[in-house]
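Down below is the structure, laid out as structure tokens.
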Amino acid sequence: AGARAEAGEEAWTEAGRGTGPAPNSPGQLAYLRRIVAAYRSGLPQVCRQPGSMWYFARMMTGDFSGLEETMDTVVRDCWELGPEWREGHHWELGYTLLMRAKFVHDRPAALEQATQDTNRALRHFERTGDPWGIAESLSARGEAYLRRGLFERAAEDFARAVDGATRAGAHRQVPVFKARLADVRLRTTEDPGARAAAERMLLEAVEESARHGDEPLGTARLLLARHYGSTGRLAEARDQLAEVERALPPGMPLLFHGTVAGVRGWLDCLEGRYAAAQGHLREAVRGMASVAYLVAPQLVVDQFLAAAWAKARLGEGEDGARLLGTYDRQALSGGMGFRPFPDQAAMRRHAETELRAVLAPAAYERAYAQGGELSVEEAAGLV
């Protein structure tokens, strides 16, 4: 079952690989249109992996306005077709609900739906007895709880996911879940002993990830780098980022290299290296552009906070205020992808403080209002 899920995710990432045609190139669009023409809604195979990638091909050729509409359609079709396929329906529906839960944005209603989706996915995977799906559903529900500020519930689900994956021998999953559990504990406790234990757990997750064969997105290392950065250990944080990039498989979408560059930009700001920060953040935005605007624009939007901070220190405060205005207007931060800052709200407050320190109140308000009228792509051009 886990192999089926990974096959589907691999098919999806093909569209964003930096080594192939861009999704909006004539050759890629022609290929996507052939996929769309080969199937239609109402066929059971489009609700199975990897056939459900058909919906994403439709999205990338303009049939859907975005990822949320696409996922809603996949879930609806999968649910309506279920009685016709019987065998396998529970696994496929559970997987589809799980994917929708992972992709939602941080709006209260969407987060409530994500919690409901993970509850339903968990029941479907429990019915099929699939330990991969059970552990992934618990982890996804933990993420939804975390984004709602329900830290204790999040920690409970991450701990259950670790235990379930360990019992099932899912060695590739265990370090990811363990890292998320450690990250929650580091974010919610001030007790020195508890923090030391959580940091040891995070280090263990990194070691286990390397030992059990390359969790390809480097989740544990990225969380460790973020933790080191937030505690002033910038050199150690940079070392972890270097290891993440070294371990990325050949042909990995530039989206993931952009994620690393964005964290480097944040570390540069922490170190007062604002020109270097701007360079890394530009690299991040360019790397993410291949699929992020269509699939996960929040990954680009998150970069605007560090970029606004850097611009405040580089004499470009008005552009920084515009970026902050776009960030607030878009409100797209969501679940798909790594969050670059341990505390997004605190980072936003710091960026505003930096900007107001260099701009007159009227200039700040004017530029901020202008940023609220920009699209994500237009604001990214300011970076």
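When Thr128, Thr166, Thr188, Thr219 are checked against the criterion of being open to solvent by 40 Å² or more (accessible area, probe 1.4 Å), of a type in the set (Ser, Thr, Tyr) and at pLDDT below 90, a single residue qualifies: Thr128.
Restricted to region 226-271, and to residues there that are free of Cβ contacts under 8 Å to residues at least 40 places away in the same chain and small (Gly, Ala, Ser), the residue that is nearest to Arg172 (Cα to Cα) is Ala247.
Of all the numbered requirements in (1) closer than 28 Å to Ala182 by Cα; (2) open to solvent by less than 30 Å² (accessible area, probe 1.4 Å); (3) modelled with pLDDT of 95 or more, Lys311 misses one, and that requirement is (1). Taken over region 335-377, residues that are modelled with pLDDT of 95 or more, open to solvent by 50 Å² or more (accessible area, probe 1.4 Å) and either among the aromatic types (Phe, Trp, Tyr) or part of a helix (DSSP H, G or I) (or both) amount to 13.
Can you find a residue in region 2-22 that is part of a loop (DSSP other than H, G, I, E, B) and modelled with pLDDT of 50 or more? No, because not a single residue in region 2-22 is part of a loop (DSSP other than H, G, I, E, B) and modelled with pLDDT of 50 or more. Kindly evaluate Ala110 against the criterion of being aliphatic (A, V, I, L, M), open to solvent by 10 Å² or more (accessible area, probe 1.4 Å) and not in a helix (DSSP H, G or I). In short, no. Name the residues in region 221-254 that are part of a helix (DSSP H, G or I), more than 14 Å from Leu267 (Cα to Cα) and touching a helix residue (DSSP H, G or I) at 6+ places or on another chain (Cβ under 9 Å), would you? Hits for region 221-254 are Arg221, Glu243, Val244, Glu245, Ala247, Leu254. Of the residues making up region 191-216, those that are surrounded by fewer than 17 Cβ atoms within 10 Å (Cβ to Cβ) and in contact (Cβ under 8 Å) with a residue 40 or more places away in the chain are His212, Gly213. Contact map, region 87-98: residues that are under 14 Å from Glu126 (Cβ atoms) and modelled with pLDDT of 85 or more paired with residues that are part of a helix (DSSP H, G or I) and among the basic types (Lys, Arg), Cβ distance under 7 Å, separation 6+ or inter-chain. Pairs shown: Leu97/Arg120.
All conditions but one from (1) surrounded by 20 or more Cβ atoms within 10 Å (Cβ to Cβ); (2) within 21 Å of the chain's Cα centre (by Cα); (3) not polar (S, T, N, Q) apply to Arg238; the one that does not is (1). Among residues of region 133-154 that are open to solvent by less than 20 Å² (accessible area, probe 1.4 Å), those with a beta-carbon under 9 Å from a residue that is part of a loop (DSSP other than H, G, I, E, B) and β-branched (Val, Ile, Thr) at least six positions away or on a different chain give the pairs Ala144/Val104. Can Asp157 be described as free of Cβ contacts under 8 Å to residues at least 24 places away in the same chain, assigned to a helix (DSSP H, G or I) and buried (at least 22 other Cβ atoms within 10 Å of the Cβ)? Answer is yes for this residue.
Identify, please: which residue in region 247-264 is more than 20 Å from Val383 (Cβ to Cβ) and among the small types (Gly, Ala, Ser) and is, among those, surrounded by the fewest Cβ atoms within 10 Å (Cβ to Cβ)?
Only one residue fits best here, namely Gly251.
If the condition is being open to solvent by 30 Å² or more (accessible area, probe 1.4 Å), in contact with a helix residue (DSSP H, G or I) (Cβ under 6 Å, 6 or more places away or on another chain) and among the hydroxyl-bearing types (Ser, Thr, Tyr), then region 42-68 contributes only Thr61.
The values are calculated or read from the model by the stated rules, or taken from the named source; none is laboratory data. All values derive from a computational prediction rather than experimental measurement. Glycine gets a Cβ as well: all are built from the backbone with ideal geometry, and neighbour counts include every protein chain shown. Calculation scope for accessible area: heavy atoms of the full protein, side chains included, ligands and nucleic acids excluded. Shrake-Rupley method; radii C 1.70, N 1.55, O 1.52, S 1.80 Å.
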